[in-house]
Amino acid sequence: MKRGRKPFSIELLVERGRFPTDWKKKLLEIGMNGGNQTDMILLLNVSRGTFYRLMERSSDFLNTVNRAMEYSEQWWYNIAKTEWIKGNSKSINSNHWSLIMRNQFGDRWSDRKEHDITSKGDKINNDNNINVEIIKTKDDEDKDNNN
């Protein structure tokens, strides 16, 4: 018979009083107020590793976190949109806002573009060797043959 710790799950954490029973509602509220995963980790009083393992183990937890992050993205987006509509766009620090969007929602708000440089589907060899082929003119060939 196997002994030891049970792998922790959302249900077990709620049962033991480590998670609030209304954890879903609280995580969604964090997102609705522009919060991020760090805010969720602090609310739940778990380590970052535990938080990520819970996302791997529980599709319900993963879906709730993802939904909360969608709400958060919308909250941040609405700040800029509202100020733009009011004509107060100068009041927004666009560099700060952009940095927040790229760092929190990088999969959709990235400035980087990945470029795959290939040749016939194969990666180009980056060994920096240059191959040179000398093509002789007809006059050069005749000179070589006459010598």
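Each value in this text was obtained by applying a stated rule to the coordinates, not by laboratory testing. Because the structure is a prediction, the values reported are computed rather than measured. As a convention, Cβ positions derive from the backbone with ideal geometry for all residues, glycine included, and neighbour counts pool all protein chains shown.
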> How many nm is it between the label spots at residue 135 and residue 108, if each spot is 7 Å from the Cα in line with the beta carbon?
Replying inline: 5.3
> Each residue of segment 38-50 in turn: what ³J(HN,Hα) in whole Hz from Karplus with 6.51, -1.76, 1.60 and θ = phi - 60°, glycine and Pro shown as x?
Replying inline: 4, 4, 5, 4, 5, 4, 7, 6, 10, 6, 4, x, 4
>> Give me 85, 100 sorted ascending by neighbouring Cβ count inside 10 Å, so fewest comes first.
In response: 85, 100
> If eta is 0.890 mPa s and T is 25 °C, what Stokes-Einstein diffusion coefficient results for segment 1-114, Kirkwood Rh from Cα pairs, in µm²/s?
Replying inline: 154
> Ranking 14, 65, 46, 132 by Cβ neighbours within 10 Å, fewest first, what do you get?
Replying inline: 132, 14, 46, 65
>> Take residue 94 and residue 50, extend 7 Å from each Cα along the Cα→Cβ direction, and tell me the distance between the two endpoints in nm.
In response: 4.3
